[in-house]
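Here's the structure we're looking at; comments come further down.
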Amino acid sequence: MSPLPPSPDRSQLQRLLKLGEHIVHVGVGAGYYRAILAELVGPAGQVTAVEFDVALAERAKFLLSGRPNVRVVHGDGARWPEMPADGVYVNFAVSRPADRWIEGLAPSGRLVFPLGVPGPKRANSGGRHSDRGAALRIERRGDAYAARAVSAADFVCAVGEFEADAEEVERLRAAFDAGGLDTVRSLIWKRPSPFGRCWFAGSKDWALCRDEAA
């Protein structure tokens, strides 16, 4: 099994985005990636940054006020994109993707999100981080979705509706421990997964499989 590369950097993001695209950035973070995304899509592109916390959203609006191609929205990241987007970039770890991240992709649209297993809460960290995780790239191809592991990832974990049930989290942990994430080639979404061909099969009819996207 090939080891995953380190966390995404600018050069990796350049291979994921194109000039003039509309990208939805879910989760404000420190603002570093928002600025990179704004540069990569160029003046003709648009970045919509979605933040659930009011104070962080207002701070982001202030810090990014000089970038006309960035719009900051206070809202629930699970409900975005509201309209089809060329890309969705997520800045926190989840044990399963939100429906809108997948179903809101335009044709040939890409989603990059950290898939992770919540670890123990760290002292003074403000939340739990994933103790096993990787950034995944999902690309819509008609009614199918190609999937690849982009890099290793250690992000703060989402809470609330993003949290999977304990049994599914433990199965995801076992999949990470068994290895083989680099063999994943497709996301199965809202349909039965092929028996014996998946690296991980979650609830709600989604799975990460070794077969190429149809």
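We did not get these values from a lab; they are worked out from the coordinates using the rules stated. Fair warning: this is a prediction, and the values are worked out from it, not measured in the lab. Note that we place each Cβ from the backbone using ideal geometry, even for glycine, and neighbour counts take in every protein chain shown.
For the chain, modelled as a GNM with alpha-carbon contacts under 10 angstrom, which of 131, 53, 182 fluctuates the most?
Maximum fluctuation in the GNM of the chain, among the listed residues, is at 53.
Fewest Cβ neighbours within 10 Å first, please rank 18, 121 accordingly.
121, 18
Points 7 angstrom from Cα along the Cβ direction at residue 204 and residue 167: gap in nanometres?
Calculated label separation equals 1.7 nm.
Suppose each label sits 7 Å from its Cα in the direction of the beta carbon; what would the residue 79-residue 154 distance come out to in nanometres?
With each label placed 7 Å out from Cα toward Cβ, I get 3.5 nm.
Which length gain, in nm to one decimal place, applies between residue 174 and residue 53 when the Cα-Cα distance is subtracted from 0.36 nm times their residue separation?
Taking residue 174 through residue 53 to full extension adds about 40.3 nm, to one decimal.
Can you list residues from other chains, or at least 5 along the same chain, whose modelled amide H is less than 5 Å from the amide H of residue 24?
HN-HN under 5 Å from residue 24: 48, 87, 88, 89.
Specify the angular offset, from 0 to 90 degrees and rounded to the nearest 10, of the alpha carbon long axis of helix 166-178 from the longest principal axis of the alpha carbons in the chain.
80 degrees
Which order do 150, 169, 50 fall in if you start with the one that has the fewest other Cβ atoms within 10 Å?
169, 150, 50
Taking log10 I(q)/I(0) by the Debye sum over Cα atoms at q = 0.09, 0.14 Å⁻¹ as the quantity of interest, determine which of (i) -0.41, -0.97; (ii) -0.46, -0.87; (iii) -0.33, -0.82 was computed from the displayed structure.
Here the calculated entry is (iii).
Starting from the Cα of residue 61, draw a straight line to each of the aspartates and glutamates and keep only those under 20 Å, dropping any in the same chain fewer than 8 residues away.
Cα-Cα hits under 20 Å: 39, 51, 53, 76, 82.
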